[in-house]
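The block underneath contains the structure these notes are about, expressed in structure tokens.
Rule-based calculations on the coordinates, nothing more; no lab input. Values in this document were obtained by computation on a predicted structure and should not be read as measured data. Glycine gets a Cβ as well: all are built from the backbone with ideal geometry, and neighbour counts include every protein chain shown.
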Amino acid sequence: MTNKETSPAGNGKPKLAIYWAASCGGCEIAILNIGDKILAVDEAFEIVFWPCAADFKYEDVRNYPDHSIDLCLFNGAIRSSENEEMAHLLRQKSKVLVAFGSCAQEGCIPGLSNLTSASDTFRAIYMDNPSIDNPAATLPQTVTTVPEGELHIPVFYNTVRSLDQVVPVEYVIPGCPPEPPQIWAVLEAIVTGAPLPAPGSTVIGASHLAVCHECPLEKHEKTIERFYRPYEITPEPGLCLLEQGLMCMGIATRGGCGALCPRVGMRCEGCYGLLDGVEDQGANMISAIASVVNVGKPGDDEAELERRIGVAMDSIVDPAGTFYRFNMAHSLLHRVKTGNNGDVQNRGSETA
Amino acid sequence: MTSEPYTPVIVGFLCNWCSYRAADLAGTARLTYAPTMRPIRVMCTARVEPQFVIKALREGADGVLIAGCHPGECHYVEGNIKALRRYTLLKQMLRQFGIEEERVQIVWAAASESKVLADAVDQMTLTLQALGPLRWRQTVLNGHGAEQAVRESADVRRAALAAQEVEGER
């Protein structure tokens, strides 16, 4: 770790940090998937923090001067107090902070737990799980007293947030994970000093058009009677999946991935997030879907109309989990209302 | 918790060709009905994107009423049928978010049916009073909920241990 010795004065190279918060590690793999260009990254940048790949400690980062990290790629959602602390720390130490990947951008799969509560998550994992025997009802405790003193672990929050809901970010690179060619395009632009768009949660490394624009499948006017889950039908090759009744999110999803999933007959799940000018990806999808469901005509009896539309919509299993698969934490509603919500109100201390 | 009666806030999206005129007629006919609806005129119920409804609920509305022409009488032929499809699916989804079904309603009120519209507002006001305020921003969007998570996890543990004790005594 001779680099660390010379840091922060360093070797003149711009400093790069890569961090993971609540994520699966797929984003790190996507970075490595830029292939031998990773050597060019190493050549161009001095890596000052990358827990997945190099041995740095949080303490090292704390000791760096403020704004000494030129570029920080932050992947993962904010799920625990540790994630939040690192978000603030890396914001403080970085010139340019990038929400890298869907978790940091919009909550992604971890964000789906906003459909439940932390306590129900614990109950499912540590109590009700069929493979668990937990007679002492042991749960993660934030503070544990042992003979040697108190032990602390991070708090597991009730609500998952995206990075930009905790600290401001300059740029967002969407995707679950971001596609390696897009990652390289961004890094190359930074290395060569190419001008970047104005910062402020600005999306880079993606398209401004929907996935459908990149999708080669043949498209006709859509008239859908009902929807199918992927295991229920074998889609006809070469034909738009949505037309065949598969809930393809391509119409409400930002492109940039090259429509990798629909190309191979798998519906788009929406990982590149919402398009410009849209505030809520799920609501946008409902809007689009309703227009292509071909049930109900102007002459129908009102009660019959409601019934038939109800039946067609019932074929959509788990709409919230489908339409907000990646965008839950960044959706307008943000999380579910549970009987125990209303932290503030229930304590009766709300004065404002 | 709040137990005193409150005046609900209903955001009403009224179509230009039927229901907004029905509301107008309710005024000229001097119908008395609950002053709870904030009417917003849209050209057609099909203009009401689900995003509008969700945003209204998030920003303080206790309920949303969508009102338009009867099916078959839409100025744009089938705009209201599209609206009905959106509304049906939206309601299914809102249920998953813990939002009671009655908070979002659709009603068909032709330009002459001022009474239908007024009754719908009255009825919805009563329903929302029974449900209580939604207050999404204050009760749901309250940060990370760390305290809540810690408190409720302790409850889970206590409940599990208590259940075991009962089991053990048998």
Largest-first principal axis extents, alpha carbons of segment B:10-142, Å | 43, 32, 18
Taking the dipole about the Cα centre of chain A, with the C-beta of Lys and Arg at +1 and of Asp and Glu at -1, give me whichever of A:Leu305, A:Ser68, A:Cys27 is farthest to the positive side.
-> A:Ser68
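FRET efficiency for A:Thr144 and A:Glu232, Cβ-Cβ distance as r, R0 = 51 Å, nearest 0.05? Mind dumping the intermediate values first?
Working: r = 48 Å, r/R0 = 0.94.
E(calc), rounded to 0.05, equals 0.60.
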Percent of beta bridges antiparallel (DSSP, chain A, rounded to nearest 5) = 30
Chain B, helix-only ellipticity at 222 nm - DSSP H runs n ≥ 4, -39,500 (n - 2.57), divided by all residues, nearest 500 = -15500 deg cm²/dmol
By the Kirkwood definition, with r running over pairs of different Cα atoms, the protein assembly as shown has a hydrodynamic radius in Å of 25.6
Among the lysines, select those whose C-alpha is under 27 Å from the C-alpha of A:Lys13, and discard any that sit fewer than 8 residues away in the same chain.
-> A:Lys4, A:Lys37, A:Lys57, A:Lys93, A:Lys95
FRET efficiency for A:Ala189 and B:Leu131, using Cβ-Cβ distance with R0 set to 41 Å, rounded to 0.05 = 0.20
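Set the Förster radius R0 to 56 Å, insert the Cβ-Cβ distance between A:Asp128 and A:Leu39 as r into 1/(1 + (r/R0)^6), and round the FRET efficiency to 0.05.
0.70
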Amide hydrogen neighbours beyond the local backbone of A:Met247, cut-off 5 Å, H modeled = A:Tyr228
For segment A:280-329 and segment A:135-195, compute the distance between their C-alpha centroids and round to whole Å.
-> 34
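How big is the dipole moment of the protein assembly as shown about its Cα centre under a simple scheme where the beta carbon of each Lys and Arg is +1, that of each Asp and Glu is -1, and everything else is neutral? Debye, nearest 20, please.
Working: 46 positive and 63 negative charges, 204 e Å.
With only Lys, Arg, Asp and Glu charged at Cβ, the dipole is about 980 debye.
Stretched out fully, how many nm does the piece from A:Ala137 to A:Ala54 gain, at 0.36 nm a residue minus the Cα gap? Working shown, then result.
Values: separation 83, 0.36 × 83 = 29.88 nm, distance 3.69 nm.
Full extension of this stretch gives 26.2 nm more.
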